Amino acid sequence: MLLRLALALFLTFGAPAWAQDWSSAVTVVQRDLAQGGTVLGTTLIPNSTDPASADRALGVVYVYIEGSAGNSTLESGLFQRGPAGWQLHRRVNGLIGASPREPRFDTSGFYLTTSTLGPADPRCCPSQETAWFVDWVTGQAIER
């Protein structure tokens, strides 16, 4: 689990050595989720830490909202690697928050935690943690 978290953090902050192995997946995630928008950050959570073994992944992209004062939107999707490479399996609905972490995978989907806004939080500063399950079949993010 710690290795997956480390991988997610390295990919989020663009670590060149590790990102090389995942570059094709990250490229597809950014292309399919940002749809030409300005990408502010990307997290890839694969079902294996070994790029040769991974065949499913949860991708999260923060996209700048054009014309805003630095605001972004979270776009997420489930990706599958087949003979033609990585491709979007389905978009994820309902996932919110920042700083995806504590990833876990099983055959039914992905588990993770994000920082979310509390009742009195300013938009800049989420203080709560929300645990999520993202269903592989439906793409629905469900708060746990």
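Points to keep in mind about this one:
- Projected label distance in nm at residue 135 and residue 107, using a 7 Å step from Cα toward the beta-carbon: 1.8 nm
- Computed per residue of the chain from DSSP H runs no shorter than four, each worth -39500 (n - 2.57), the mean residue ellipticity at 222 nm is -7000 deg cm²/dmol.
- For the chain, a simple Cβ point-charge model (Lys and Arg +1, Asp and Glu -1, everything else neutral) yields a dipole of about 100 debye relative to the Cα centre.
- Relative contact order [Cα under 8 Å, 6+ residues apart], the chain, whole percent: 17 percent
Taken together, the values in this text are just the output of simple stated rules run on the coordinates, not laboratory data. Treat the numbers as computed from the prediction; the structure is a model and nothing was measured. As a convention, Cβ positions derive from the backbone with ideal geometry for all residues, glycine included, and neighbour counts pool all protein chains shown.
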